[in-house]
Amino acid sequence: MPILYKQKIGFKSAITRGLRRRCPSCGEGKAFSGYLQPVSVCSVCSAPLGDIRADDFPPYLTIFIVGHIVVPFALIAEQNWEWSVGLHMIVWLPLTLALLLAILPFMKGAAIGLMWRLGLKGDEQH
């Protein structure tokens, strides 16, 4: 009879599973019960996900990514077409907001995957 070894999940797998908004432990169960609300435990493997507090890390990652997408295009538009300030606001503010709202849940999933892999949880009272 073969010996079954418990597979240790690597950083890449945990983060990738989080990016897919799945449990970083099994990759099957959903990690979120809503837009940004993590489940308390995975419905498939019972991994505790509700104790992990990602706090400001996902918004930081999201702003970093969206900034690197929007700012170059805004600069190109300004230099090539000399748009008015009003036109810039009409184009870039809604686009930025839409990108932020679209990317944030995936960054939170990745952060939860990373923190789960590192064994980090929220604030613990001593």
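The values are calculated or read from the model by the stated rules, or taken from the named source; none is laboratory data. In this text the structure is predicted, and so the values were computed from the model without any measurement. No Cβ is skipped: glycine too gets one built from the backbone with ideal geometry, and neighbour counts run over all protein chains shown.
See the values below:
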| read-out | value |
| --- | --- |
| Number of the exception - TYR35 against (1) under 19 Å from LYS12 (Cα atoms); (2) exposed (fewer than 12 other Cβ atoms within 10 Å of the Cβ); (3) within 12 Å of the chain's Cα centre (by Cα) | (1) |
| Checklist (1) farther than 17 Å from GLY119 by Cα; (2) modelled with pLDDT under 95 applied to GLY10, failing item | (1) |
| Number of positions in segment 47-76 that are within 20 Å of LEU101 (Cα to Cα) and free of Cβ contacts under 8 Å to residues at least 60 places away in the same chain | 20 |
| Where a residue in segment 81-109 is closer than 13 Å to LEU61 by Cβ and its partner, wherever it lies, is among the aromatic types (Phe, Trp, Tyr) and assigned to a helix (DSSP H, G or I), with Cβ under 9 Å and at least six apart | MET107/PHE57; MET107/TYR60; LYS108/PHE57 |
